[in-house]
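The values are calculated or read from the model by the stated rules, or taken from the named source; none is laboratory data. Since the structure is predicted, the reported quantities are computational estimates derived from the model, not experimental observations. Counting neighbours? That spans all protein chains shown, and the Cβs are built from the backbone with ideal geometry, glycine included.
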Amino acid sequence: MQNPHFELAEIQRLAAEWKIEKKSGWFSAPSCSTDYVIHVFQCSEIEAVEIILEGISMLKLEDFQASVMVWDDVADEYGLCSYLGRNWYVKLRIDDDNVLNEISFHPCEKDMQLPSGRILTVSIAKEDLPPWRKVKK
C-alpha cells in the first residue's frame, strides 16, 4: 500500500496552527472549496473554513487514497467518511515554504474506493451540485 507523500501529523499541525493564528494564503482554490462548503451548508465563509479545518483534523492514515501530481507538484488525496453526514474528497499538499495548501474539499461526487478496501459512496445528488460543478449537456 502506498504511503502519503506528506506526513498526516504535519498536515494536521499546520491546519491547527492556521486555525489559531488565522494565517492567510493556505487555500490554493478558495472558490472551489469554501464556496462548495458554503453551498452545501448554507453557511458563512468563516464557518466554511472552520468546517474544512475540522475535517482535516479528523483525517486518519486509513483515509489516504493516493499521492497525485497537481501543477507539477505532489498532493495527497484522502476520503473522509461520514463527516457532517457526508463522505468527502480531500486533496492537499505542503508547499516549499512549509505552508499547507488545501486544494480540494467537497462531498464525494462519485464512489471512491480507498486502498484499505473501504468504499465511500456518492454523498451529493447531481441536482444538488453547485452550478459551477454541473456538467453542461
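Is there a residue in the stretch 43-52 that is under 14 Å from the mean Cα position of the chain (by Cα), crowded, with 17+ Cβ neighbours inside 10 Å and of a type outside the set (A, V, I, L, M, F, W, C)? Write out each step before concluding.
Just the residues of the stretch 43-52 that are under 14 Å from the mean Cα position of the chain (by Cα), to begin with: 48-52.
So of that shortlist, the ones also crowded, with 17+ Cβ neighbours inside 10 Å come out as 48-49, 51-52.
If we keep only those that are of a type outside the set (A, V, I, L, M, F, W, C) too, we end up with none.
No; the residues of the stretch 43-52 include none that is under 14 Å from the mean Cα position of the chain (by Cα), crowded, with 17+ Cβ neighbours inside 10 Å and of a type outside the set (A, V, I, L, M, F, W, C).
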Among (1) modelled with pLDDT of 95 or more; (2) more than 21 Å from R118 (Cα to Cα) - the single one E45 does not satisfy: (1)
Restricting the stretch 96-113 to residues that are within 14 Å of S82 (Cα to Cα) and touching a residue at least 40 places away in the same chain (Cβ under 8 Å), the residue that is farthest from the chain's Cα centre (by Cα): M112
Quick check on the stretch 98-109. Is at least one of its residues aliphatic (A, V, I, L, M), touching a Phe, Trp or Tyr at 6+ places or on another chain (Cβ under 8 Å) and at pLDDT below 95? yes
